[in-house]
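Novice: Got a structure for you, written out below as structure tokens; questions coming shortly.
The values are calculated or read from the model by the stated rules, or taken from the named source; none is laboratory data. On a predicted model such as this, the values are computed, not experimentally measured, just so you know. Virtual Cβ from ideal backbone geometry, glycine too; neighbours counted across all protein chains shown.
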């Protein structure tokens, strides 16, 4: 009885102290704030989890389809986790993509285009940021206008001009476009460089001019070395966009430079031969190429193979890319 009475006494004292605290306006305000913060945190984490699911759902689905055995493509009992893990889909996809050859061409093309894009857009961005000349605002507005105009609108006049010069179906066309500031998303890159150069101190240029440097020397020796964050950001964006480009690559380079993206579009046309080369044609049956589920599974696997080099590259340059985004004109 004594222990029960002591327990009741302690409970009553705690209840009395809680009532005293609730009677204070300050305590009620603090409790209200804590309750609102708790509700806000619950909403925030629920929103983050939902967004993560929306972003990761296609990737998880791609992986689930890629590692599924081709024989289980029509099994309705398999939804996420494959019953039998297999790498046959990757083997078929690599054969259909002509993966290593297409990867080499894609790397060469994307690297050259990126270097030329950096050279042309950085120079144009510096001119719009620092050099004052008649009509500069109009030209800069036209450069920004290219961001809004769809690619298909400017492709016809470009194709006509390239045809007159006899450069149809040659990769040099893409190189000329990039070197002359007319490459993929060049308007965005010019804008980024312009915003970054405008944020650099004018005293750097004035000191170089006092030392006898001309405009190009100021750009090459002073401004460009200080623009490393913008160079990293533009370089990565240019490389990725060229890597994923199909329209201009197919339109101007033709069949000489078949990249991973152009091969991915044509995968289904060579799927039968790829299955035969992988040794699974006789196991799956001749009607397998007409199965939309199997075609979707192979295309999903091809998508993973196309993305994989970019993911590896981003893994090594992630820190530099984030620093470039923070210091460039994207967020300011």
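Novice: What are the residues in region 225-266 that are assigned to a loop (DSSP other than H, G, I, E, B) and within 18 Å of the chain's Cα centre (by Cα), if any? If you could, list the steps in order and put the result at the bottom.
Specialist: Of region 225-266, the ones assigned to a loop (DSSP other than H, G, I, E, B) are 245-246, 254-259, 266.
245, 246, 259, listed by residue number.
Novice: Determine whether residue 160 is free of Cβ contacts under 8 Å to residues at least 60 places away in the same chain, surrounded by fewer than 15 Cβ atoms within 10 Å (Cβ to Cβ) and not in a helix (DSSP H, G or I). Before the answer, list the steps.
Specialist: Numbers: free of Cβ contacts under 8 Å to residues at least 60 places away in the same chain: yes; surrounded by fewer than 15 Cβ atoms within 10 Å (Cβ to Cβ): yes; not in a helix (DSSP H, G or I): no.
For residue 160, the condition - free of Cβ contacts under 8 Å to residues at least 60 places away in the same chain, surrounded by fewer than 15 Cβ atoms within 10 Å (Cβ to Cβ) and not in a helix (DSSP H, G or I) - is not met.
Novice: Looking at region 163-171, can you tell me whether even one residue there is over 26 Å from the mean Cα position of the chain (by Cα), assigned by TED's automatic domain parsing to the domain that holds residue 234, in a loop (DSSP other than H, G, I, E, B) and more than 21 Å from residue 247 (Cβ to Cβ)?
Specialist: In the first step, residues of region 163-171 are kept if they are over 26 Å from the mean Cα position of the chain (by Cα); the result is 163-170.
The next check asks that each one be assigned by TED's automatic domain parsing to the domain that holds residue 234; those that pass are 163-170.
Right, trim to in a loop (DSSP other than H, G, I, E, B) and you get 165-170.
After this cut, where a residue has to be more than 21 Å from residue 247 (Cβ to Cβ) as well, the list is 166.
Within region 163-171 (the criterion being over 26 Å from the mean Cα position of the chain (by Cα), assigned by TED's automatic domain parsing to the domain that holds residue 234, in a loop (DSSP other than H, G, I, E, B) and more than 21 Å from residue 247 (Cβ to Cβ)), the answer is yes, since at least one residue qualifies.
Residues are listed down the side, and each one gets a yes or a no for (1) at pLDDT 85 or above; (2) under 29 Å from residue 309 (Cβ atoms); (3) in contact with a helix residue (DSSP H, G or I) (Cβ under 7 Å, 6 or more places away or on another chain):
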position: 111; (1), (2), (3): yes, yes, no
position: 117; (1), (2), (3): yes, yes, yes
position: 125; (1), (2), (3): yes, yes, yes
position: 133; (1), (2), (3): no, no, no
position: 142; (1), (2), (3): no, no, no
position: 145; (1), (2), (3): no, no, no
position: 148; (1), (2), (3): no, no, no
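Novice: Sticking with this one: Among all residue pairs at least 6 apart or on different chains, which show Cβ distances below 7 Å where the first residue, located in region 294-314, is touching a residue at least 24 places away in the same chain (Cβ under 8 Å) and the second is outside any helix (DSSP H, G or I)?
Specialist: 294/73; 297/68; 297/73
Novice: With assigned to a helix (DSSP H, G or I), in contact (Cβ under 8 Å) with a residue 60 or more places away in the chain and more than 30 Å from residue 216 (Cβ to Cβ) as the only criterion, which of 111, 106, 121 stands out?
Specialist: Values: 111 fails: more than 30 Å from residue 216 (Cβ to Cβ); 121 fails: more than 30 Å from residue 216 (Cβ to Cβ).
When all the criteria are applied, what remains is 106.
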